[in-house]
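A.B. asks: Pasting in a structure now, in structure tokens, and then I'll have a few things to ask.
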Amino acid sequence: MIKGFLFDLDGVIVDTAVFHFQAWRRLAQKLGGDFTVEQNEQLKGVSRVDSLKKIIAWTGATIDNQTFINLMELKNECYLELVVQLGPKDGLPGALEFIRHAHAKGILIGLGSASKNAPMVLDKLGITALFTTIIDGNNVVNGKPDPEVFLKGADGLDLKPAECLVFEDSIAGVQAAKAGGFNCVGIGSAELLKADVHFQALGSSTPEALVAQF
Ligand code: B16
Ligand code: MG
């Protein structure tokens, strides 16, 4: 019986994925390289440090430790310049309504995001109060595809993985959910994500239908 929903943030609740992509591309171009939309799929759900390692490998650049730290700070400054414009109207189609509806039905709500900026983004959307637990990049040692973020989320809801549904838009995130023993709703392509069920957006289903299905 499903009693809790654990949501990824970027690409599930809000389209901050486009801001991450823009910020990382600016950085890659500074390094004299670039990367494609397809390569960007490999960055979704992946921590800041692991994303930068991948981009450096793609560009073929060689950089020292201090430059690596500076580049992470630069990327975050660029990302923050873009997310500053977010407000309560900026959820993905049906996402905020879906979460509010699930909360009103007594389903426990948690966040499992790789982003260290997740609490600020939830505040901008005006939905922080709906969350019983918020696990983000500041609370985990091992990033997705490791299941730590979702296992801590289930703990925060005081539920077992089998009692929670994870909502994810990234390959790494679906792998994390499955590795933790969770059923997973994929937001996006079934072929790419390989979750248990797939929708284009949260608004394409209802909390009741999903609870009945699992
Ligand atoms: P930050 P999610 C992830 O969030 C993003 O998908 C990923 O692109 C980003 O690198 C990561 O957060 C870290 O974000 O730099 O803000 O700490 O999809 O797990 O909600
Ligand atoms: Mg995501």
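The values are calculated or read from the model by the stated rules, or taken from the named source; none is laboratory data. It should be emphasised that the depicted structure is a prediction, and the values quoted were computed from it without experimental measurement. Counting neighbours? That spans all protein chains shown, and the Cβs are built from the backbone with ideal geometry, glycine included. Just so you know, the surface numbers come from the protein's heavy atoms only, side chains and all, with ligands and any DNA or RNA stripped out. Shrake-Rupley method; radii C 1.70, N 1.55, O 1.52, S 1.80 Å.
A.B. asks: Could you work out, for the chain, what percent of all Cα-Cα pairs fall into each 10 Å distance bin, beginning at 0 Å and stopping at the bin that holds the largest distance?
C.D. replies: Percent of Cα pairs in each bin: 9, 36, 36, 15, 4, 0.
A.B. asks: Just the number please: accessible area per residue for the range 1-97, 1.4 Å probe, all protein chains included, in Å². Working shown, then result.
C.D. replies: On the way: 4830 Å² over 97 residues.
Result: 50 Å² of accessible area for each residue.
A.B. asks: Then there is this: Hey, got the Cα dimensions of the range 61-129 along the principal axes, in Å, largest first?
C.D. replies: 52, 23, 19
A.B. asks: Apply the a/c threshold of 1.5 to the C-alpha gyration tensor of the range 12-127 and tell me whether it is rounded, prolate or oblate. Show your work: numbers first, answer last.
C.D. replies: Details: a/c = 2.44, a/b = 2.35, b/c = 1.04.
Prolate, because a/c is 1.5 or more and a/b exceeds b/c.
A.B. asks: Calculate log10 I(q)/I(0) of the range 17-83 for q = 0.15, 0.20, 0.23 Å⁻¹, where I(q) comes from the Debye formula with a single equal point scatterer on each Cα and nothing for solvent.
C.D. replies: -0.40, -0.73, -1.00
A.B. asks: Once phi is turned into θ = phi - 60°, what whole-Hz ³J(HN,Hα) does the Karplus curve with 6.51, -1.76 and 1.60 give for every residue of the range 141-148, x standing for Gly and Pro?
C.D. replies: Those phi angles translate into 8, 10, x, 4, x, 5, x, 3 Hz.
A.B. asks: Run the accessible area of the range 17-83 with a 1.4 Å probe and give the carbon-and-sulfur part as a rounded percent.
C.D. replies: 51
A.B. asks: Whole angstrom only: what separates the Cα centroid of the range 107-153 from the Cα centroid of the range 38-89?
C.D. replies: Comparing the Cα centres of the range 107-153 and the range 38-89, I get a distance of 19 Å.
A.B. asks: Show K178, K53 ordered by accessible area, largest first, where the area counts protein heavy atoms only and the probe is 1.4 Å. Mind showing how you got there, number by number?
C.D. replies: On the way: K178 85, K53 115 Å².
Ranked from most to least accessible, the order is K53, K178.
A.B. asks: Amide H of D15: which non-local residues (sequence gap of 5 or more, or other chain) have their own amide H closer than 5 Å, using H built in the peptide plane?
C.D. replies: Here the answer is L92, since their amide H atoms fall under 5 Å of that of D15.
A.B. asks: Further, regarding this structure: When the chain is fully extended, how far beyond the present Cα-Cα distance does W58 get from T132, taking 0.36 nm per residue of separation? Walk me through the intermediate numbers first.
C.D. replies: Values: separation 74, 0.36 × 74 = 26.64 nm, distance 3.89 nm.
Between W58 and T132, full extension yields an extra 22.8 nm.
A.B. asks: Further question: For T206 and D50, what does the FRET efficiency come to when R0 = 30 Å and r is the distance between their Cβ atoms, rounded to the nearest 0.05?
C.D. replies: Details: r = 35 Å, r/R0 = 1.15.
About 0.30, to the nearest 0.05.
A.B. asks: For the range 161-214, rounded, prolate or oblate, judged on the Cα gyration tensor with a ≥ b ≥ c (square roots of eigenvalues), a/c < 1.5 rounded, else prolate if a/b > b/c?
C.D. replies: Working: a/c = 2.20, a/b = 1.09, b/c = 2.01.
Verdict is oblate for the range 161-214.
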